[in-house]
1. First compute the accessible area of the protein assembly as shown with a 1.4 Å probe, then give the percent of it belonging to carbon and sulfur atoms.
2. I need the shape label for the range A:274-342. Rule: rounded when a/c is under 1.5, else prolate if a/b > b/c, else oblate, with a, b, c from the alpha carbon gyration tensor.
3. Just need the relative contact order of chain A here, percent rounded to a whole number, with Cα pairs under 8 Å and 6+ apart.
4. Going by a ≥ b ≥ c, the root eigenvalues of the Cα gyration tensor, does the protein assembly as shown fall in the rounded group (a/c under 1.5), the prolate group (a/b larger than b/c) or the oblate group?
5. When Cβ neighbours within 10 Å are restricted to other protein chains, what is their mean count per residue of peptide A:364-374?
6. Accessible area drop of at least 20 Å² (1.4 Å probe, protein heavy atoms): which residues of the range B:222-261 qualify, relative to the chain alone?
7. Near the amide H of A:PHE189, under 5 Å away, which other amide H atoms are found, from residues 5 or more places off or on another chain, if H is placed in the peptide plane?
8. Return the long-range amide H neighbours of B:TYR112 (sequence gap of 5 or more, or a different chain), with a cut-off of under 5 Å between placed amide H atoms.
Amino acid sequence: MESARSHRKSIANDVVSTLPLYRSAPALEVRLEDFTLFAMDRLRVLKGISDGLSRGKKTEEMEQLAKDLWRANMRHPQASEVVNKDIISHFVLRLVYCRTEDLRKWFLPMETALFRYRFRHETAEAQRSLMAEFDLSYKAVSNSEFESVKDKLCQVARSIGMSLPTADAIFYKVPFEEVPELVAGRRVFIHKGHAYVASTQVVSLVATQFRSHLSKALILTNRKWTSTIREQEKDRLAPIVEALCTSYLGPDYSQPKGFSEISLKDIDDLVKSSFPLCMRHLFEKLREDHHLKHGGRMQLGLFLKGVGLKLDDAIAFWKAEFSQKVGAERFDKEYAYSIRHNYGREGKRTDYSPYSCQKIISSTPGAGDHHGCPYRHFSEENLRAALNKMGVDGRAVENVMDKVQNRHYQLACTLTFEAVHNSSCDSGINHPNQYFSDSQKILQSKNHSDAKINKLGARENS
Amino acid sequence: MTREEVEGGRDEMEIDGCEQREANAIPEGFDANYLKIYYGKLFPHADIYKWMSYGNDGKHPGCDQSYFGRREFSFTLENDIYLRFQSFYGAYELENSIRENCPVKIDIGPVYSVDPAKRRAYAQTGDNVFTPVERELIFDIDITDYDDVRYCCSGADVCFACWPLMTIAIKVIDTSLRDDFGFNHILWVYSGRRGVHCWVCDGKARRLTNEQRGAIADYFRVYKGNENSHKKVSLTGHALHPFLARSYTEVLRNFFELKLLPSQNLFSTEERYEKILDMIHDESVKSELRGKWQENRRSTSKEDINVIRWEQLKILLQSGKQKGQGLRRGIEEIVFSYTYPRLDMEVSKHMNHLLKAPFCVHPKTGHVCVPIDPKKCEEFDPTTVPTLSKLLQELNMEGAKSEVENDWDKTSLGKSIRFFRTSFLQPLLKSCKEEIESSYKTKLQHSKNSINW
């Protein structure tokens, strides 16, 4: 059986793709140097994908981006080693990113996205053979069944701008649980719990399976790491593994640095000078309505924590506003608890991190909500008005709106930052607390240089 | 305000002892003492226990004896004391605790991997040993989310004119849960004041992941945005998805044209019709209509002005489409904006979200959270839902009769409990039993197979 399999593999290699499924760790020898380098190359690909997603790039752009990133970073001088580099780098990163919930939460969707884009680039045959590797209990829809649901399938196709299914189109009938994103986007016809998936949509099926498998594998890897590997490798792999992840996720602003503490009396000025638009809007609504719904309380509350507002001041702040609407007693009973919860003083005592732009952009504010990203969630007129209020006008506003129309929400915010502060922001905005600290840096250095000039002036005059 | 009234009433009754029997009338409102009687005689403890056990309270070897004990309940007591992570071994403990604590509100949470009351005893190694493993698929629809499209009431009020919005929500969602998703065991409950809750209890539903729940909630989502954004309902494409099309032709259109149009007077003032004109993308159509309506203040015909204007709008929009107006479905967008269900996404997306238990009493209205029959939801009238005081009154009057087995059968709650049992609980438990037996058989098969070879 062994020889038959390897025989099949060598023939199959001509037809089958080189897209590995990472089912089991390879029995390969890796040089320590390659261990790190391969992982870093792959990390560049994943980071590039992460950036692309947070800029709101559409699927076709992302597929191209993934292709370019892969080509640029995952080459190897020896053609025969390319697949090994792929596999090794994946498994090394599994080690690195299995170790905490946050790391897993980042790695899992990025690897899945990468897999999905690469899958889309495979030929139909290669895709089918890949699908066979998964334990998908799906069935291709029979002709007679196809006829009975054909008009519904056509209706779905027309509703999402897909080409109409032809007579020989293949559809797969799977439990709707296996294609959550197609269900969420109403991109499939569902009936009695089954979704009818077009062959062009099959990537969803496969990606869900890939992801669930990887998710379980990460948990297992973490267990192995904590129980045996970490100790065994404490002088060799452990330091490498520990260093590999920190450089790429950026600060999470959950522990504000000492010098950036703010006090209540400064808040109103700080809002005008250094808050990004999303937080400014929430703050203004809070002052106006003396209330915010849950989403807004979380987004603004955690931001303020990251900015350096201490728990007692936070409670005083929210109380001062909310008690004007619901009364001090109700505030103490209903709202104070959750503020303390955000600061990790209640319940399971997690110290929650302020939301990043990616998270805020992907939120779904509903009726009565004011959270979310204004560049994404505001209508054009409302956004223009808000920008004008911030002091951005003329050419600058048009540049911002141009970015918004192309769904580059973070770039729009960056341009706003640059217009308001009259200086460039090369790194781009990807976290509201970063906006705040960068803003403060600029303002404080201005103060210093003003002071310097004053000092100079004083000295000259004296 | 209500509290004082009640307390005043009670004092009177104490002083004029001989008049107590005559003054059968229990003042309206909510009172902890009434609640005590309610939990003592009327609240269906055993039914809730049976429901939450999902068949595991039986003697079959396939039953999971730990199941009920891993379910989280939470009690809100008077003075806003909040007790989370309550769990019970069985029916007796559940009933006892409710009667003792007399909670103002009972919430039901998920079934966890271990007993919630003992969660701290389990080490959290980072793999999260204490985690939800089963939870009904739930929906919460609150009429305040429709405040921008109802003119009769706002905030916590609900009336005959705007309640149809809830009826629409029930019809649309219920049909889809059954026909599209294949769920069968669905319970709709009146939330007691201004909305409805939905509990989908099939095994498949209870085992859905957060991602799958989010996907279902997104499937149902059409209305996007709030006062900050513009396009709240955006229906593009050459056709509507079959689910939306069915909802439109079977429910939304008729309710809009026959009920909401006249009862909400959607076109009767400039402010109101401007709101609708705002949703139209064709400027020429907009200004033509505006011109017509601004002049035509007094309607000469006997027909409802809203109906007339809606017809005019439809004619213009339909003719516009032929001119290649683009892919926007103007008429549908308006109808959807005013009628399509607006769900609270967060409630449905997370397994650990708590939801109020059916048959609780709403502290602000005194109404009991009774089940609603989706097949007859058009007949449901929130103002006639039994209240705590009414039930106690009924109890007092029927008190002597002992032929009736259950106390609740002496009251108008009887109807609700019977409905709960026959159309929801019994079919559910039957199917649970079958599920337990068949999965037990399968397990036996597997172990037999592994031994055999």
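The values are calculated or read from the model by the stated rules, or taken from the named source; none is laboratory data. What you are looking at is a predicted structure, and each value in this text was computed from that prediction instead of being measured. No Cβ is skipped: glycine too gets one built from the backbone with ideal geometry, and neighbour counts run over all protein chains shown. Just so you know, the surface numbers come from the protein's heavy atoms only, side chains and all, with ligands and any DNA or RNA stripped out. Shrake-Rupley method; radii C 1.70, N 1.55, O 1.52, S 1.80 Å.
1. Carbon with sulfur: 50 percent of the solvent-accessible area.
2. Judged from the Cα gyration tensor, the range A:274-342 comes out oblate (a/c at least 1.5, b/c at or above a/b).
3. 13
4. rounded
5. Counting other chains' Cβ atoms within 10 Å and averaging over A:364-374 gives 6.
6. B:GLY225, B:ASN226, B:GLU227, B:ASN228, B:SER229, B:HIS230, B:HIS238, B:ALA239, B:HIS241, B:PRO242
7. Amide H neighbours of A:PHE189, under 5 Å, 5+ apart: A:TYR196.
8. It is B:ARG71, B:GLU72, B:VAL133, by chain and number.
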